[in-house]
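Here's the structure, in structure tokens; my notes come after.
The values are calculated or read from the model by the stated rules, or taken from the named source; none is laboratory data. Because the structure is a prediction, the values reported are computed rather than measured. Cβ sites come from the backbone with ideal geometry, for glycine too, and all protein chains shown count toward neighbours.
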Amino acid sequence: MAKGPTKYVFVTGGVLSGLGKGITAASIGHTLKARGLSVNIQKCDPYLNTDAGLLNPAEHGECFVTMDGAETDLDLGHYERFMDQELTQASSLMSGRVLRKVIEDERAGKYLGKTVQIIPHVIQAIQKEIIAAAEGYDVHIVEIGGTVGDYESLSFLEAIRELPFVIGRENCLFAHVVYVPYLGASAEFKTKPAQNAVRELRALGIVPDVLAARSEQRAPKSIVNKLSLFSGIPAEAIVLLPNAQSIYEVPLTLEDSGIAGVIAERLKLKISRPELKDWRTIVKRAKTQYSTKACVGVVAKYMDNQDTYMSVFEALRSAAMWNNVSLEIKWIDAEAIENGDILVEDVLGSVDGIVVPGGFGTRALEGKIKAAQYALKTGLPYLGLCLGLQMAVIAAARNAGLRQATSAELDESSPHPVINTMNGQKGKENTGGTMRLGNYPCDLQKGTLAEKVYGSRATVERHRHRYECSNDYRENYEAWGIRASGTSPDGALVEIIEAIDHPFFLASQFHPEFKSRPNRPHPMFSGFIGALVAKDSGNH
Ligand code: GLN
């Protein structure tokens, strides 16, 4: 329980989007937790979607899944990794959810004949969600998605503008993240866009207490003074955040620049000395060039945008740095394999192992199956994540001669759907929030690779899928050279499969990447990186 009233930190962004506002909010969270405080964090997204479940990951980035099955914005992944904390549905609030609630209440007659309006009704509905998420914590951080000035984020901004009247101005801190561009032609940093962004926030009635100025390169100290003069924010409450070599440096920059102390002081938080020793080790590891190198191929249909598979990349990097490995990640276009534009042996011959991440829809599935078939045949280390498990089972069946083996997602009328619709999922293929979502327990079978990498016989992992291994084919697995090494405790659902005679071929129906942390890489990823290195030294 919180010792005094909960304090609030509101994080907004100006000038442009994609500034790393989420990482800044998560880093503030880290520095407060490092002071022994209990902290919750919440993202308010202006989209009219209800959740991130149906958003295209190529456009919006990965859909992050919480333990209680919320389908959220990828920033929640940053929050969890930076704060080493499992979040819930309460940490993700999209306009669609708020509006739906207001309209449902209107239909239920709860407004007693009143005219239902943005102000006060929508605003109050937002505030209620924010206050509920804050309950019981020392500090609650609220990030407002989008850029101040966007039409669609106005309700959220008005909600936080009014909140100090409800919870006390002394309990609130407003942090604004802005951008300071560098003009190569005149060799100078320009503060005008940031000044305007502060003015824009003020025009909405919010006076920022803290300013975080993002830039590509490190800006000189004079920029702080200039920003201070024109924005009226004291210089000690302004922090310069140039691009960092590792995103995990940001909490240290906040600490070392003194801004974390300013935030704690402004909120009159009882402070213990921040404990950042372990985090410094992480940053050091993340920046180290190790002499052992490995190259992983990510066989995917969305190319070149790391946001699409953010947690997978982060899990790979964390596992690599804790195994003293410098990792190169190569995109492998599953569609090009499928179309025969590239030969699987050509493209996979040059990597040390492959990851087949999650995905939906039929595009490029055949390319992924081919990649898995190749890995099974050649002993190339393979890590399958959700869809990556499903493709692996099909690959094993096809390699063993069951040519028509497929997934119902690819061909509904197939005679051999070794991957099939889960009970109760038929007809819901394009609807939101209807999948098997969130935490489920998994038992690991004795004497398997799964048990070895986990070092235990049970785990709990996060899910997001509609299809699964068909039990009609489970007795064929051994003949196909695979085994179900992880199942639901009642044995009814296959959760992990592995190849029997293979150096490292492991795949899960769940998404282990969501539980991986920079300080505690997930065992499946660690095991995979270990196998890449063992392969390099001819150790298998
Ligand atoms: N499309 C597959 C399913 O719905 C896999 C989902 C995933 O990879 N998250 O089961």
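What to note about this one:
- Looking only at the range 236-254, residues that are more than 17 Å from residue 177 (Cβ to Cβ) and surrounded by fewer than 24 Cβ atoms within 10 Å (Cβ to Cβ) come to 4 in all.
- Flag if residue 464 is away from the ligand (no atom under 13 Å from the Cβ) and among the charged types (D, E, K, R): no
- Residue within the range 189-208 that is within 30 Å of residue 282 (Cα to Cα), modelled with pLDDT of 95 or more and among the aromatic types (Phe, Trp, Tyr) present: no
- Enumeration of residues in the range 183-199 that are within 30 Å of the chain's Cα centre (by Cα) and surrounded by fewer than 22 Cβ atoms within 10 Å (Cβ to Cβ): 193
- For the range 258-272, a tally of residues being over 27 Å from the mean Cα position of the chain (by Cα) and either part of a loop (DSSP other than H, G, I, E, B) or closer than 19 Å to residue 19 by Cβ (or both) returns 7.
- Criterion (within 17 Å of the chain's Cα centre (by Cα) and among the aliphatic types (A, V, I, L, M)) met by exactly one of 37, 32, 87: 87
- Residue, farthest from the chain's Cα centre (by Cα), within the range 200-214, restricted to residues that are of a type in the set (D, E, K, R) and under 24 Å from residue 162 (Cβ atoms): 202
- Near pairs, Cβ below 8 angstrom, 6+ apart or cross-chain, from the range 465-489 (closer than 17 Å to residue 448 by Cα) to any residue that is of a type in the set (Ser, Thr, Tyr) and within 16 Å of the ligand (Cβ to nearest atom): 486/508; 488/440
- Yes/no for residue 102 being crowded, with 23+ Cβ neighbours inside 10 Å and in contact with a His (Cβ under 8 Å, 6 or more places away or on another chain): no
- Of all the listed residues (375, 320, 395, 336), the sole one being more than 23 Å from residue 509 (Cβ to Cβ) and buried (at least 24 other Cβ atoms within 10 Å of the Cβ) is 320.
- Odd one out for residue 471, checked against (1) away from the ligand (no atom under 13 Å from the Cβ); (2) surrounded by 14 or more Cβ atoms within 10 Å (Cβ to Cβ); (3) farther than 26 Å from residue 77 by Cβ: (2)
- The selection criterion, being more than 20 Å from residue 372 (Cβ to Cβ) and assigned to a loop (DSSP other than H, G, I, E, B), does not hold for residue 452.
- Qualifying positions in the range 152-195 - without any contact (Cβ under 8 Å) to a residue 12 or more places away in the chain and either small (Gly, Ala, Ser) or not in a strand (DSSP E or B) (or both): 164, 165, 169, 184, 185, 186, 187, 190, 192
- A residue that is assigned to a helix (DSSP H, G or I), away from the ligand (no atom under 15 Å from the Cβ) and either touching a Gly at 6+ places or on another chain (Cβ under 8 Å) or free of Cβ contacts under 8 Å to residues at least 60 places away in the same chain (or both) cannot be found anywhere in the range 400-419.
Here's the yes/no breakdown for (1) under 24 Å from residue 261 (Cα atoms); (2) over 24 Å from the mean Cα position of the chain (by Cα):
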position	(1), (2)
124	no, yes
134	yes, no
138	yes, yes
141	yes, no
177	yes, no
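Each row is one residue, and each column tells you yes or no for (1) part of a helix (DSSP H, G or I); (2) over 29 Å from the mean Cα position of the chain (by Cα); (3) not hydrophobic (A, V, I, L, M, F, W, C).
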| site | (1), (2), (3) |
| --- | --- |
| 463 | no, no, yes |
| 483 | no, yes, yes |
| 486 | no, no, yes |
| 495 | no, no, yes |
| 501 | no, yes, yes |
| 529 | yes, no, no |
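- Spans of strands (runs of 3 or more DSSP E) in the range 308-386 with at least 1 residues out of contact with any Lys or Arg (no Cβ under 8 Å at 6 or more places or on another chain) and away from the ligand (no atom under 16 Å from the Cβ): 325-333
- For residue 64, the criteria (1) of a type in the set (A, V, I, L, M, F, W, C); (2) closer than 25 Å to residue 124 by Cβ; (3) touching a helix residue (DSSP H, G or I) at 6+ places or on another chain (Cβ under 6 Å); (4) buried (at least 20 other Cβ atoms within 10 Å of the Cβ) hold in every case but one, which is (2).
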